[in-house]
């Protein structure tokens, strides 16, 4: 599935500068560079090497245009919406322009109007929606979901009447049919399907457009967890027909504590604010509270202005044309990595729908004879490679996919800064560790394996 949102002119978001924003040619990937440490990372051997970051799926590094936008905005930083001073006015304008940038990036609809609510991240966004669905709503969700999408619906404060958890589907087509059946058999009333666009464990892309069509045919709505999808490919509410989308800025090269819930305004407008406080209120008396309209209704407190500016800068940099070009490059690197690891004895790639299914730049794998935490620690300490080990906040899915004898896996995820040298170094390091084992001793240190002794100055 390739979803392309309407192409718009990319603009660098210079939120603090009175002169406004400057044009950048669409489709040009030259601006897609990351902020990185020049001095590299230390190894236990005493050497320093360029850091090979394969942990993009957890948090992506900062894009250079994002850092530039923050530098421009900081001199003008002030609280928004409620200040008459110049800096407050500049910050308010930057904050609302950021909202429009995100709306364009996500292909938000003008009729009926979609709301764009700034939150802390995907987890926050889906918890907000869980408290905003109509009372008694039936929520259908697959066991494959990240915990951020799997758990909010059953929180005591959630408004869902029932939650239907669907087992892992054998194929993408089976996922569509399972969702269709569950929604058709649900009680009369509001219904919501929650689904990921790309798995944070396997990288496999889900059939979002087909799931939306099936849900809408049954009178249900769909919320898409796009946290792992939008850093790699364009997503559009209008093109997919999805009702809601959630994402995290820290996975989209803007690691400054922001995120978004975007989509149909009616449920959000009718819901009691997720957080109560200043900004969410229009009028407070001794006996009553009148809540604000959207989006302020769900943005209580002092908003994360700089986080919104950073997210907008990433959105303006990652135009659909730019993302497509980056995806072509990333796909080649991913295939190089998968092929290299497949040639190493004892390596098993985790996959739900088979090795040929389309995916983004994520691979999870196990290595016979090497526990995931030991492999991750040795890759870091001896080779300067950062990966993720564990169950990736998707315990039901990961446990189901693990080969017998393994309790955790290693995840390698790619992004803008990944190079062929990084890929080859990871493959070579895994092969070396399989053949020779770790060259250092490792022991538990505050719940994680670490070299003993550890001669590195890690901090």
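Scanning the range 68-75 for any residue that is surrounded by fewer than 15 Cβ atoms within 10 Å (Cβ to Cβ) and touching a strand residue (DSSP E or B) at 6+ places or on another chain (Cβ under 9 Å) turns up nothing.
When each of 318, 325 is tested for being closer than 19 Å to residue 252 by Cα and crowded, with 23+ Cβ neighbours inside 10 Å, the lone residue that passes is 318. Of all residues in the range 178-191, those satisfying the criterion of being touching a strand residue (DSSP E or B) at 6+ places or on another chain (Cβ under 8 Å) and part of a helix (DSSP H, G or I) are 178, 179, 182, 183.
Within the range 149-171, identify whether any single residue is under 17 Å from residue 204 (Cα atoms), assigned by TED's automatic domain parsing to the domain that holds residue 207 and in contact with a strand residue (DSSP E or B) (Cβ under 6 Å, 6 or more places away or on another chain), and answer yes or no. Taking every residue of the range 149-171 in turn, at least one turns out to be under 17 Å from residue 204 (Cα atoms), assigned by TED's automatic domain parsing to the domain that holds residue 207 and in contact with a strand residue (DSSP E or B) (Cβ under 6 Å, 6 or more places away or on another chain).
Criterion first (surrounded by fewer than 16 Cβ atoms within 10 Å (Cβ to Cβ) and in a helix (DSSP H, G or I)) does residue 100 satisfy it? Spelling it out, residue 100 is indeed surrounded by fewer than 16 Cβ atoms within 10 Å (Cβ to Cβ) and in a helix (DSSP H, G or I). On the basis of being touching a helix residue (DSSP H, G or I) at 6+ places or on another chain (Cβ under 6 Å), more than 25 Å from residue 242 (Cα to Cα) and crowded, with 16+ Cβ neighbours inside 10 Å, does residue 80 make the cut? It is true that residue 80 is touching a helix residue (DSSP H, G or I) at 6+ places or on another chain (Cβ under 6 Å), more than 25 Å from residue 242 (Cα to Cα) and crowded, with 16+ Cβ neighbours inside 10 Å.
One residue alone among 297, 282 is crowded, with 18+ Cβ neighbours inside 10 Å and in contact with a strand residue (DSSP E or B) (Cβ under 9 Å, 6 or more places away or on another chain), and that residue is 297. Considering only residues of the range 372-410 that are assigned to a strand (DSSP E or B) and in contact (Cβ under 8 Å) with a residue 40 or more places away in the chain, which is nearest to residue 341 (Cα to Cα)? Out of the qualifying residues, it is 410.
Criterion first (more than 24 Å from residue 116 (Cβ to Cβ) and part of a loop (DSSP other than H, G, I, E, B)) does residue 351 satisfy it? In short, yes. Evaluation of residue 322 against the conditions (1) touching a helix residue (DSSP H, G or I) at 6+ places or on another chain (Cβ under 9 Å); (2) within 28 Å of residue 67 (Cβ to Cβ) shows that the sole unmet condition is (1).
The residues of the range 103-123 that are surrounded by 23 or more Cβ atoms within 10 Å (Cβ to Cβ) and in a helix (DSSP H, G or I), listed by number, are 105, 122.
The values are calculated or read from the model by the stated rules, or taken from the named source; none is laboratory data. Everything numeric in this text was worked out from a predicted model, so none of it was measured. Note that we place each Cβ from the backbone using ideal geometry, even for glycine, and neighbour counts take in every protein chain shown.
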